[in-house]
């Protein structure tokens, strides 16, 4: 472990396509680099891989819905602020279009809009 990401929080945003299973590998690689990884899934991503898988890998709650954390009324802002970096992988054409046009109608798109740090799209 080289620890290049030691002490950093990386938010991995998983969208709904067949490549969603590859995000598990990404989470493990980021952890090997010392990052604390949190996962945000689109509703459609849960049709390809279950949130339980990511919860088991990260030991963190998996964010899915805009209102799934009643203790945090502005969940999307909290997620964006906590992350040192956001990785959208896999990125569907839908989320890329939302990012390009500033559309925010779900937890992922609102979080990306609230982000001030780097966003990596893959």
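The values are calculated or read from the model by the stated rules, or taken from the named source; none is laboratory data. Please read these numbers as outputs of a predicted model, since none were measured by experiment. Positions of Cβ are backbone-derived with ideal geometry, glycine not excepted, and every protein chain shown enters the neighbour counts.
Okay, here's what the table says:
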read-out: Considering residues of region 2-18 that are exposed (fewer than 15 other Cβ atoms within 10 Å of the Cβ) and at negative phi only, the residue nearest to the chain's Cα centre (by Cα); value: 18
read-out: Residue count for region 73-103, restricted to those that are farther than 23 Å from residue 30 by Cβ and free of Cβ contacts under 8 Å to residues at least 12 places away in the same chain; value: 8
read-out: Some residue of region 98-112 being buried (at least 20 other Cβ atoms within 10 Å of the Cβ), assigned to a strand (DSSP E or B) and at pLDDT 95 or above; value: no
read-out: Residue among 23, 45 that is in contact (Cβ under 8 Å) with a residue 60 or more places away in the chain, assigned to a helix (DSSP H, G or I), buried (at least 22 other Cβ atoms within 10 Å of the Cβ) and in contact with a helix residue (DSSP H, G or I) (Cβ under 9 Å, 6 or more places away or on another chain); value: 23
read-out: Some residue of region 83-90 being surrounded by fewer than 17 Cβ atoms within 10 Å (Cβ to Cβ) and within 20 Å of residue 111 (Cα to Cα); value: yes
read-out: Residues (out of contact with any helix residue (DSSP H, G or I) (no Cβ under 8 Å at 6 or more places or on another chain) and surrounded by fewer than 18 Cβ atoms within 10 Å (Cβ to Cβ)) located in region 29-42; value: 29, 32, 33, 34
read-out: All positions within region 82-96 that are over 16 Å from residue 41 (Cβ atoms) and either within 13 Å of the chain's Cα centre (by Cα) or assigned to a loop (DSSP other than H, G, I, E, B) (or both); value: 82, 84, 85
read-out: Filter result for the condition that a residue is at pLDDT below 95 and either surrounded by fewer than 16 Cβ atoms within 10 Å (Cβ to Cβ) or in a helix (DSSP H, G or I) (or both), over 67, 54; value: 67
